[in-house]
Amino acid sequence: MRVSRSPTDVIRQSPMSVYQYAIIALCVLSYASDGVDVVTLSYAAPALMKEWGISAETFGLAYTATPVGIAVGSFFLSPLADKVGRRTLTLWLLGSLVIMLFLTAVSSSLLMLVTLRLLTGVSLGALVVCLNVTVSEFSNEERSNLLVGILHTGYSAGGMVCGALAALLLEPLGWRALFFAAALLSVVSFVLSLFVLAESPMYLVARRPANALQRLNAIFRRMNKPEFDSLPPAPETVAGGRKGRTIIPRALWFGTGLLCLAGFVFTVSGGFMASWRPKLLDMAQMTMTWNGIAGVCTHGAGIFAHLFVGALARKVGERKIAVIFLIGMGLAFTLLGMVPDGAIVPLIVASTLSGFFNVGAFTAIILVTLNYYDASVRSAGLGIMLGCSRVGGIVGPLLGGFAIGAGFGRFWTLFLFAVILAIPVVAAIYARSRATGAPVPAHA
């Protein structure tokens, strides 16, 4: 049977096929590999710093290199997916990650490590965008939001896997084994993507590469959907050029500024914890085996937080749940600083709570931002807030390195990053349109 509707309409309005779910699962696996790649350095840091004789202040450069690369990749490399294709760029990025991780495992200097982490970040930043777009474009309307949410749990799952690998590998084999293991996981993602991942039908229609119709019909056959006699018309924005530029209305500038401030300061604290948590537990006299177990619990709590906040946000209210989780995050940070050295179980509990509230607060801030804007400026507003968050993710690890290196100690370092969370709490409370006095529902 042939069809006259656009590929977008067919995919959005028809039931999901097994092949579509396979693509989604592959994207989740790749995102989990990303989670492993990002946090690997955190677990390797104590042993690596000791082996190379590097101070915490100096090693902060290695932590900062990855988020800098992620920001660069997100802004400058990911747009290539619209020109060369989502599948093509995804394969190149996964392949580059394999190479970077293997090279990191044999690195011999801080300069080499920082350079490789920067390049790894560039690939990760662009890959995350590709994975989100791919999941969205292969999902139907009924399940799209849920599947994008499940995609993001892959990152926390990757953190759990990395914690388990750290517990198994670090003490008997050393930090290099952890990077080799991360590289092998990326190899699995690359090989599966090579054979399973298809090009986005939306890209084929918009850019019309060679044999676009044949490739489009081949994909639709695998999805058990009707084929096309000819390529549907290209989207107007591609065929006729861009008609205008979307801006944030003046009435929303104040709230946008508050949301950007909330995202930035939150990620200063969250980025600090993501990078330095294993070192903080090491300072509390926790062995790397227990440190890895704490990582599994912490990232596992993050997976639950994604689902918990998503389920309750509509009932409780996005702004209220953001405030609750930001306050909980500050209290969990303080608790982690107060637990005595060597108290293994309380340290794991405090670390797990910090992971739960950290991830939940991030999810809640995204929901607050989405519900602040109407459909015409929602993407622009969310993009601006997330861009500010990327900067916070760069600043946080640097500040953490200086605080630890300056001898602040575990409690005062964590208390400092807990106190500044009062800023996003206030910003989340007062982020509202001056024109209407209330946010615009996300379904507008």
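The values are calculated or read from the model by the stated rules, or taken from the named source; none is laboratory data. Computed from a predicted model, the values in this text were never measured in an experiment. Cβ sites come from the backbone with ideal geometry, for glycine too, and all protein chains shown count toward neighbours.
In summary, helices (runs of 4 or more DSSP H) completely within segment 171-252 and bearing 1 or more residues that are modelled with pLDDT under 80, at negative phi and in the same structural domain as Leu93 (by TED's automatic domain parsing) occur at 201-207, 236-239.
Residues considered: Leu178, Leu197. Of these, the only one that is surrounded by 16 or more Cβ atoms within 10 Å (Cβ to Cβ) and closer than 19 Å to Asn140 by Cα is Leu197.
Of all the listed residues (Thr267, Thr289), the sole one being surrounded by fewer than 21 Cβ atoms within 10 Å (Cβ to Cβ) and either assigned to a helix (DSSP H, G or I) or modelled with pLDDT of 85 or more (or both) is Thr289.
Kindly check whether there is at least one residue in segment 221-237 that is hydroxyl-bearing (Ser, Thr, Tyr), surrounded by fewer than 20 Cβ atoms within 10 Å (Cβ to Cβ), out of contact with any Gly (no Cβ under 6 Å at 6 or more places or on another chain) and free of Cβ contacts under 8 Å to residues at least 12 places away in the same chain. Yes, segment 221-237 contains a residue that is hydroxyl-bearing (Ser, Thr, Tyr), surrounded by fewer than 20 Cβ atoms within 10 Å (Cβ to Cβ), out of contact with any Gly (no Cβ under 6 Å at 6 or more places or on another chain) and free of Cβ contacts under 8 Å to residues at least 12 places away in the same chain. Yes or no: segment 361-369 includes at least one residue that is buried (at least 20 other Cβ atoms within 10 Å of the Cβ) and at pLDDT 90 or above. Yes, segment 361-369 contains at least one residue that is buried (at least 20 other Cβ atoms within 10 Å of the Cβ) and at pLDDT 90 or above.
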